[in-house]
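The values are calculated or read from the model by the stated rules, or taken from the named source; none is laboratory data. Keep in mind the model is a prediction, meaning the values are calculated, not measured. FYI the Cβ positions are ideal-geometry reconstructions off the backbone, even for glycines, and counts take in every protein chain you see.
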Amino acid sequence: MAGTLYLVPTPIGNLGDISPRAIRALEEADFIAAEDTRVSIKLLNHLDIKKPLVSYHEHNKVPSGKGILQRLETGETCALVTDAGTPAISDPGEDLVRLCADSGITVVAIPGPCAAITALAISGLPTGRFTFEGFLSVNKRSRQEHLASLKDETRTMIFYEAPHKLKNTLEDMADAFGADRKISLCRELTKLHEEALRMTIGEALAYYGEVNPRGEYVLIVAGAERQAEAQLSMEECVEKVHALMEEGLSRKDAVKQVSKTCGVPKNALYDAAL
Ligand code: SAM
């Protein structure tokens, strides 16, 4: 019988965040695949776990992935860890999961620390709908194109960012989204100097003109205000009002709602809907 790949989340700063289930998966695995064995060995020493380690990272993921898959196919159990957080979220774990999925190997994800979700939760921005954008390209043009494609995105957006790229990214975000757009800059999450700055992109640019960015960042950017459906004619807006009334809304409430989304004056719409 084939083995199982366990995705084992590791702390993004605070060692106390490793869960008993994550520890058990590490203890019970036949071997551990690690993004950087030097980083993972420190955690394993701290947990007093001794297991054979194989390296699995961006630059060896094809040959190493094949080797791991072969061992899984012969019935071994592998625990995958990355440098920090949940494997497969903006790290090469994604490719190993795909390989296993394509080969019918069971993949079990143990829930745990993830910088994106931790930052979103404390951002103070809407969490109901969000989009994860990961790292922006280091290439200026690709970065700008990526941001331009998000200009009208209404969901809250999550980005990972390195400190040395932060200022350029904020400049490009100001161009794409406007300096007034709200942003939450979360750094050093779960660590001693954890910080969540909540400001506008313009204020962030001014702040980091004075202060040097330090630590790893998650940027949470507010979505665009919902665009008014201004292109609709008055007749189409009236149809929307009637449709809402058929759903049970009063004329007054239906007019209020449609006038807001379509950007037409309430009184004119009310008269037209009579
Ligand atoms: N798989 C990881 C996860 O679940 O969060 C993310 C891996 S990605 C290679 C690393 C990026 O996550 C960093 O560049 C940073 O943007 C973010 N990150 C990781 N730890 C963080 C922390 N303690 N505080 C803020 N951001 C962090």
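Structural remarks
- Some residue of region 199-220 being in a strand (DSSP E or B), free of Cβ contacts under 8 Å to residues at least 40 places away in the same chain and among the β-branched types (Val, Ile, Thr): yes
- Residues of region 131-170 that are assigned to a loop (DSSP other than H, G, I, E, B) and of a type in the set (A, V, I, L, M): 136, 138, 150, 162.
- When the criteria are applied in full, residue 273 meets the requirement of being small (Gly, Ala, Ser) and either touching a Lys or Arg at 6+ places or on another chain (Cβ under 8 Å) or modelled with pLDDT under 95 (or both).
- Filtering 120, 136, 170, 192 for residues that are over 27 Å from residue 10 (Cα atoms) and either more than 10 Å from the ligand (Cβ to nearest atom) or surrounded by 14 or more Cβ atoms within 10 Å (Cβ to Cβ) (or both) leaves a single hit, 170.
- Among the candidates 92, 87, 111, residue that is touching a residue at least 40 places away in the same chain (Cβ under 8 Å), loosely packed, with under 15 Cβ neighbours inside 10 Å and either closer than 20 Å to residue 21 by Cβ or within 14 Å of the ligand (Cβ to nearest atom) (or both): 111
- Any hit, region 251-264, residues being part of a helix (DSSP H, G or I), modelled with pLDDT of 90 or more and more than 26 Å from residue 154 (Cβ to Cβ): yes
- Members of region 33-65 found to be out of contact with any helix residue (DSSP H, G or I) (no Cβ under 9 Å at 6 or more places or on another chain), outside any helix (DSSP H, G or I) and in contact (Cβ under 8 Å) with a residue 40 or more places away in the chain, listed by number: 36
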